[in-house]
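Asker: Structure provided below as structure tokens; questions to follow.
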Amino acid sequence: MRFLLLICRIAAGLVFIFSGTVKAMDPLGSAYKFQDYFLAFNMDFLLPLSLPLGILLCTAEFFAGFSVLFNIRQKAGIWLLMLMMIVFTPLTFVLALTNPVTDCGCFGDVIHLTNWQTFIKNIVLLIPVTILFVYRNKVVPANGMIREWMTVAGILILFVAFSLFNLRNLPLIDFLPYKTGTHIPDKMIIPEGKPADRYETTFIYEKDGVAKEFSLENYPADDNSWTFVDQKTVLVEKGYEPPIHDFVLTTQDNADITESILTSEDFTFLMICQKIENIKDERLNKGFSLGDRLSAENIQFLVLTASGSGEISKYGRNHNVCSVDEITLKTMVRSDPGYMLLRGGTILGKWSWAKIPSFEYLSKEFFDN
């Protein structure tokens, strides 16, 4: 029995420590996932709690895993493990049935699981957690209560500080498709042999007041007695989706400049703003000031945003502004605003609003080389 409990502690402890740590490395990613769920379930009023809940969840997971694995306030950790399993196991079953959000986000962007895979993972994980809970009274504290709680408090303070560090700067380890060093065009290619999306098209024709549906194979193309009414195209089977599949830069004149940016051997500095109107003026002004300096040195500066044209005209100054899908902007950099330097389609550097580089730094590290 002792060996079985040890195996259960190791299995549950490592999974929850890993889950909490990868979320803490990308707290904004966790916040975005909470937002997705709140929007899917029409709980918009909870959106302001997305970030605090993201940090709270990863901290709870880490504490539970750490506590169980290292036998420091293990009973408290076991209770927390069981509580999370009681909440998340039925929840993931509902999500698997309804599929409101395709990726659960339980392991951040490190490992992507479908909702069914997440539910199965929880069922398997429920086994060691249940065993630990049943035998929780056999746990013998390794140290005194005060010493153990002081240890836990110190670990949690460091863990929350680690999460806030990643929030203020950028994730310590970037698991996103747009990490530094990435050649964006390479990530947009569908490898040979990979399946493409498969669609089914249905044509609706009418004759003598009766509407009928036809497929591509049997629709009455040469029969003038039928009148075309409508056409429906449905995705039947999802094909391979490259890591970067929605990187499109559109100017305010509706010109697509994606290819020219990705193939240009000149430097392009991007200021990435999800919604310009939601960003503090101080942060915007720092970015715009850097843009002014870059433009004066003939280095292309673009503002990427999902804001409407009215907000763009209000905040955009005289800089070139491109409209980009908001999800793409969130994936490009975990900061709002965030910054990215491109050359020849390769990402040379990424920065958060708190670490916005100076022109002198950029010149020394990139432009003058």
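Asker: For residues in region 109-156 being of a type in the set (S, T, Y) and either over 30 Å from L28 (Cβ atoms) or outside the structural domain of M82 (by TED's automatic domain parsing) (or both), which is modelled with the highest pLDDT? Break it down stepwise before answering.
Answerer: Here is the first cut: in region 109-156, the ones of a type in the set (S, T, Y) are 114, 118, 130, 135, 151.
If we keep only those that are either over 30 Å from L28 (Cβ atoms) or outside the structural domain of M82 (by TED's automatic domain parsing) (or both) too, we end up with 130, 135.
Working: T130: 94, Y135: 89.
Among them, the one singled out is T130.
Asker: Within region 261-280, count every residue that is assigned to a loop (DSSP other than H, G, I, E, B) and polar (S, T, N, Q).
Answerer: 2
Asker: Taking the residues in region 117-139 that are in contact (Cβ under 8 Å) with a residue 60 or more places away in the chain and under 18 Å from F63 (Cα atoms) as candidates, determine which candidate is surrounded by the most Cβ atoms within 10 Å (Cβ to Cβ).
Answerer: L132
Asker: Could you say which residue among L83, L97 is out of contact with any Leu (no Cβ under 6 Å at 6 or more places or on another chain), of a type in the set (A, V, I, L, M, F, W, C) and at pLDDT below 90?
Answerer: So the residue among L83, L97 that is out of contact with any Leu (no Cβ under 6 Å at 6 or more places or on another chain), of a type in the set (A, V, I, L, M, F, W, C) and at pLDDT below 90 is L97.
Asker: Which number in (1) on the phi > 0 side of the Ramachandran plot; (2) under 20 Å from the mean Cα position of the chain (by Cα); (3) modelled with pLDDT under 90 marks the one condition that G181 misses?
Answerer: (3)
Asker: Also, I was wondering about something else. So which residues in region 157-203 are part of a strand (DSSP E or B) and not hydrophobic (A, V, I, L, M, F, W, C), if there are any at all?
Answerer: Those that are part of a strand (DSSP E or B) and not hydrophobic (A, V, I, L, M, F, W, C): H183, R198, Y199, E200, T201, T202.
Asker: Just one of L132, L113, L126 is among the hydrophobic types (A, V, I, L, M, F, W, C), closer than 21 Å to A11 by Cα and not in a helix (DSSP H, G or I); which is it?
Answerer: None of the other options fit; the residue is L113.
Asker: Of all residues in region 297-327, how many are among the charged types (D, E, K, R), buried (at least 16 other Cβ atoms within 10 Å of the Cβ) and under 18 Å from A31 (Cβ atoms)?
Answerer: Counting residues in region 297-327 that are among the charged types (D, E, K, R), buried (at least 16 other Cβ atoms within 10 Å of the Cβ) and under 18 Å from A31 (Cβ atoms) gives 0.
Asker: Right, something else. Take K330 and decide whether it is surrounded by 17 or more Cβ atoms within 10 Å (Cβ to Cβ), assigned to a strand (DSSP E or B), under 25 Å from the mean Cα position of the chain (by Cα) and not aliphatic (A, V, I, L, M). Give the derivation first.
Answerer: On the way: surrounded by 17 or more Cβ atoms within 10 Å (Cβ to Cβ): yes; assigned to a strand (DSSP E or B): no; under 25 Å from the mean Cα position of the chain (by Cα): yes; not aliphatic (A, V, I, L, M): yes.
Criteria not met by K330.
Asker: Can you find even one residue in region 207-228 that is at pLDDT 90 or above and of a type in the set (A, V, I, L, M, F, W, C)?
Answerer: No, region 207-228 has no match at all.
Asker: Hey, does region 273-296 have a residue that's within 26 Å of M25 (Cβ to Cβ), modelled with pLDDT of 95 or more and surrounded by fewer than 19 Cβ atoms within 10 Å (Cβ to Cβ)?
Answerer: Within region 273-296, none of the residues are within 26 Å of M25 (Cβ to Cβ), modelled with pLDDT of 95 or more and surrounded by fewer than 19 Cβ atoms within 10 Å (Cβ to Cβ).
Asker: Which of (1) farther than 30 Å from S352 by Cα; (2) crowded, with 20+ Cβ neighbours inside 10 Å is the odd one out, the single condition G54 does not satisfy?
Answerer: (1)
Asker: Quick one: G308 ticks every box in (1) free of Cβ contacts under 8 Å to residues at least 12 places away in the same chain; (2) touching a Phe, Trp or Tyr at 6+ places or on another chain (Cβ under 8 Å) bar one, so which box is it?
Answerer: If we test G308 against (1) free of Cβ contacts under 8 Å to residues at least 12 places away in the same chain; (2) touching a Phe, Trp or Tyr at 6+ places or on another chain (Cβ under 8 Å), just (2) comes out false.
Asker: Scan region 86-106 for residues that are touching a helix residue (DSSP H, G or I) at 6+ places or on another chain (Cβ under 8 Å), surrounded by fewer than 19 Cβ atoms within 10 Å (Cβ to Cβ) and among the hydrophobic types (A, V, I, L, M, F, W, C) and jot them down.
Answerer: Passing the criteria: F93, A96, V101.
Matching residues to (1) crowded, with 20+ Cβ neighbours inside 10 Å; (2) of a type in the set (F, W, Y); (3) touching a helix residue (DSSP H, G or I) at 6+ places or on another chain (Cβ under 9 Å):
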residue: L6; (1), (2), (3): no, no, no
residue: V15; (1), (2), (3): yes, no, yes
residue: A31; (1), (2), (3): yes, no, yes
residue: F38; (1), (2), (3): no, yes, yes
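Asker: Tell me, which residue of region 139-156 that is in a loop (DSSP other than H, G, I, E, B) and small (G, A, S) is farthest from F18 (Cα to Cα)?
Answerer: My answer is G144.
The values are calculated or read from the model by the stated rules, or taken from the named source; none is laboratory data. Worth saying up front: this structure is predicted, and the values here are computed from it rather than measured. Neighbour counts are summed over all protein chains in view; Cβ atoms, including those assigned to glycine, are modelled from backbone coordinates with ideal geometry.
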